[in-house]
Amino acid sequence: MLKSFAIGLTFLGIFGVGCGGSTDSGLKNGTGGASGGGGSSASGGIGGDAGSGGAVGGAAGASGGAGGIGASGGAGGAGGAGGSSTGGAGGQAITLDNVCEKTQPQGCALAKSCCQSSGFGYDEAGCTKGALASCKENVDEVKSGKMKFDPTKVDVCLSVYAKVFATCTLGVNDLLLVLDELKQCSYLFEGYLPQGASCDRDVQCAPSSDPDVFVDCDDTTKKCTQSKRLHLNANCAVGGDAKDFCAQGLYCDAAWSPFPPYPGVCKTATAEGQKCNGFKQFNLECGPGFYCNQQTSVCTKAKVGGANCGSDLECQSFVCAIGKCQALEPVVAQETCTG
């Protein structure tokens, strides 16, 4: 589901602070795959235009409603220093009535360094205003019976978004490593809409109890959509509207054909530094974040923005334009940073 990983993180799902643009993920067209499904507000994007599989990443959008930025009043949680999500500053518990005011300013503070390093600047008042408005949408839906609220999930959201903002950009492999934490966030504000229902944002969709199924509100169809994490030897597909994706450490060994999606089987990825098939066109065997170097036939870490490239697969962003890798986009957006 992360259709193109059009770079961005939109944490509107939970705490409301929007981070980034459309969040799709994985591989649009070109060397290996058209977009996977669509992820709206999930954890962000790596963007791109190429081939390791449109489906890879689907989970990010999928964990989408898992969004929000976190809440923390101090080092330990949404409360004061050392506090927890249930204890808030000064010992005051986080409740539905105070969750926005207690978490959104801290969420913006977490995004500050990424906003600044990304060149967007940072306006505390503007960020907080937008974050509060988005969070209050969720609160209103809980009060109207359209969602439920679990304050015990604040800490896990804080933890994962602190990691994400500290990184500021995410490659596909980075995303796969935090998917389970992102999914836990989807239980903070939990919608009830079933798969296929019309939606406006990820958090309105009911999360799946299956740990390998991720749910989001598809950017294009505006429907609650699922993507599934696939395990070793499972059937998979690359490109087209493929929504499912192979788990971290695996890749989709696809049979290339004239038109996507290209069917395949999830296999164990070849480790960095190990020999790979440098003669095979569109070789994905090194897994997300790596590529098979055709000169050395060795799995090599994908290149950063600005590096010379010959194909999309060589780039962390999956976009090689005019011989240069496009950089990964930040997980924040201008509107998040300055309102």
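Here is how the numbers come out for the structure above:
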| item | result |
| --- | --- |
| Approximate spin-label separation residue 93-residue 259, in nm, with each point projected 7 Å along Cα-to-Cβ | 5.8 |
| Solvent-accessible heavy-atom area per residue, rounded to whole Å², over the stretch 91-141 at 1.4 Å | 46 |
| Proximal aspartates and glutamates to residue 102, defined as alpha-carbon separation beneath 14 angstrom and excluding residues fewer than eight positions away on the same chain | 155 |
| Residue 123/residue 324 FRET efficiency (R0 22 Å; Cβ-Cβ; nearest 0.05) | 0.10 |
| Inter-probe distance in nm under a simple model that places probes 7 Å from Cα toward Cβ, at residue 222 and residue 200 | 1.0 |
| Listed pairs 143/183; 129/228; 112/136; 143/222 exceeding 29 Å between Cα atoms | 129/228 |
| Residues of type aspartates and glutamates that residue 303 reaches as a straight line, Cα spacing below 18 Å, ignoring anything fewer than 8 places off in the same chain | 49, 174, 272, 285, 312, 314, 329 |
| Alpha carbon Rg of the stretch 115-249, scaled by the compact-globule rule 2.2 N^0.38 Å | 1.15 |
| In nm, spacing of pseudo-spin labels at residue 307 and residue 295 (7 Å Cα→C-beta vector) | 1.2 |
| Aspartates and glutamates whose Cα lies under 15 Å from that of residue 243, excluding same-chain neighbours fewer than 8 positions away | 24, 212, 216, 218, 219 |
| Relative packing of 112-124, 93-105, which averages over residues the other C-beta atoms within 10 Å, highest first | 93-105, 112-124 |
| Fraction of accessible area attributable to carbon and sulfur, the stretch 107-173 (%, probe 1.4 Å) | 50 |
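The values are calculated or read from the model by the stated rules, or taken from the named source; none is laboratory data. Predicted, not measured: the structure shown is a model, and the values here were computed from it. All Cβ positions, glycine included, derive from the backbone under ideal geometry; neighbour counts span all protein chains shown. Surface accessibility is based on the protein's heavy atoms, side chains included, excluding ligands, DNA and RNA. Shrake-Rupley method; radii C 1.70, N 1.55, O 1.52, S 1.80 Å.
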